[in-house]
Amino acid sequence: MAATNKKGSGLLKWGTSLAVLGGLAVILSGYGYQWGWWHFSTGFSIIPWGTGSAILGGIIGTVGFFRMKERGQNYTIAGFTAMIIGLAALSNFGYWYLEVQKGYPPIHDITTDTVNPPEFDAIVPLRQDAPNPPQYIHVDGPAEAQREFYEGLETLNVSMDYDVAYNRALETAREMPWQVVGENKQEGRIEAYHKLPWFGFIDDVVIRVDTTATGSKIDVRSKSRIGRGDLGVNAKRIKSYFEAYQK
């Protein structure tokens, strides 16, 4: 029993340590980029190693925990720590693996109106250092890829008069996890940005409200400041906004 406990405790200690270090590596991969420790590509390269370490550590720690015949409070805490980190890392890996398998097109500029997309104004100065320009590229741009992949992402038509529709659009934007930086009721434009947690990437949003024969229409455009693809983040943001608007 003593030998079993010794072997189990050794595996538990090593596994828990590896799981914790792997989990910290994954977390710091993004925040390290935000803090200026490394380029975002370096942060991305850390993620698979950290994830693998966390999963492997979780497995080793769990095996060690169940090999022990006698477990005190500290060993129990260590065992559950290894299990939780390992499962969290495995779940995170599984989620992103499935997302990648969906085959998102390598585009980062999504709009409900690809013919006459809403244009940025107040946001433009904030994108001066951004690799991706604020302009919507029509020729050989994202429009065709968006139409093929994101079916149903279109202008929202409502039976409200312009004032009510615009005020609701502005109120909804303020309720989102965004920072509103521009509003112009006369031009029907609302602009905001969304700073994502972890890596701190910033995506910009412009909302356009206009009149129709039966009420008003709302178009939304969401664009990443950096990166070629977005794994569907911008499209999901627009859909979330429309869902909040119609509540």
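The values are calculated or read from the model by the stated rules, or taken from the named source; none is laboratory data. All figures in this text were calculated on a predicted structure; none of them were measured in a lab. Neighbour counts run over all protein chains shown; Cβ positions are idealised from the backbone, glycine included. Side chains included, ligands, DNA and RNA excluded: accessible areas come from the protein's heavy atoms. Shrake-Rupley method; radii C 1.70, N 1.55, O 1.52, S 1.80 Å.
For this structure, a couple of remarks:
- Gyration tensor analysis over the Cα atoms of the chain returns equivalent ellipsoid semi-axes of 47, 18, 16 Å (largest first, whole Å).
- Listed values for the range 118-123 are Karplus-derived 3J(HN,Hα) couplings in whole Hz (6.51 cos²θ - 1.76 cosθ + 1.60, θ = phi - 60°), namely x, 10, 7, 9, 5, 6, and x replaces Gly and Pro.
- Comparing Tyr75, Tyr97, Gly43 along the charge dipole axis of the range 43-153, the residue lying farthest to the positive side is Tyr75, per the Cβ-charge model.
- Set of lysines with alpha-carbon distance to Lys7 below 29 Å, sequence-local pairs under 8 removed: Lys69
- Seen from Ser222, the other residues with C-beta closer than 12 Å to its C-beta sum to a net charge of 0, counting Lys and Arg as +1 and Asp and Glu as -1.
- Once the chain from Trp49 to Gln128 is taken as fully extended at 0.36 nm per residue, the excess over their C-alpha distance is 25.1 nm.
- Magnitude of the charge dipole for the range 163-238, about its Cα centre and with charges confined to Cβ atoms of Lys, Arg (+1) and Asp, Glu (-1), is about 260 debye.
- Cα shape, the range 151-223, gyration tensor, a/c 1.5 rule: prolate
- Karplus (6.51, -1.76, 1.60) ³J(HN,Hα), θ = phi - 60°, over the range 214-227, in Hz, Gly and Pro reported as x: 10, x, 9, 9, 10, 10, 10, 10, 10, 9, 7, 7, 9, x
- Degrees separating the helix 162-175 axis from the principal Cα axis of the chain, which is the longest one: 20
- To the nearest ten degrees, helix 73-101 and the longest principal axis of the Cα atoms of the chain are 40 degrees apart.
- Residue-averaged [θ]222 nm for the chain, counting only DSSP H segments that reach four residues, each worth -39500 (n - 2.57): -17500 deg cm²/dmol
- Of the trypsin sites (Lys or Arg not before Pro) found in the range 38-125, those in coil by DSSP whose Cβ has at most 12 other Cβ atoms within 10 Å are Lys69, Lys102.
- Nonpolar atom fraction for the range 97-191, defined as the carbon and sulfur part of the 1.4 Å probe accessible area, stands at 46 percent.
- Whether the range 113-172 is rounded, prolate or oblate, judged on the alpha carbon gyration tensor where a/c under 1.5 counts as rounded: oblate
- The amide H of Ile107, built 1.01 Å from its N in the peptide plane, has Asp230 as neighbours under 5 Å, considering only residues 5 or more places off or on other chains.
- Here the chain is assigned +1 on the Cβ of each Lys and Arg and -1 on the Cβ of each Asp and Glu. Its dipole about the Cα centre then comes out at about 1720 debye.
- Averaged per residue, the chain has 56 square angstrom of accessible surface, using a 1.4 angstrom probe with ligands and nucleic acids left out.
- The angle separating the long axis of helix 233-245 from the principal Cα axis of greatest extent in the chain is about 60 degrees.
- In sequence order, the range 38-45 has phi-based couplings of 7, 6, 4, 5, 5, x, 4, 5 Hz under the Karplus curve 6.51 cos²θ - 1.76 cosθ + 1.60, θ = phi - 60°, and Gly or Pro positions carry x.
- Pairs from the list Lys102/Lys236; Lys102/Lys247; Lys102/Lys195; Lys102/Lys223; Lys217/Lys247 with a Cα-Cα gap above 18 Å: Lys102/Lys247; Lys102/Lys195; Lys102/Lys223.
- Separation of alpha-carbon centers, the range 30-108 and the range 181-224, rounded to whole Å: 35
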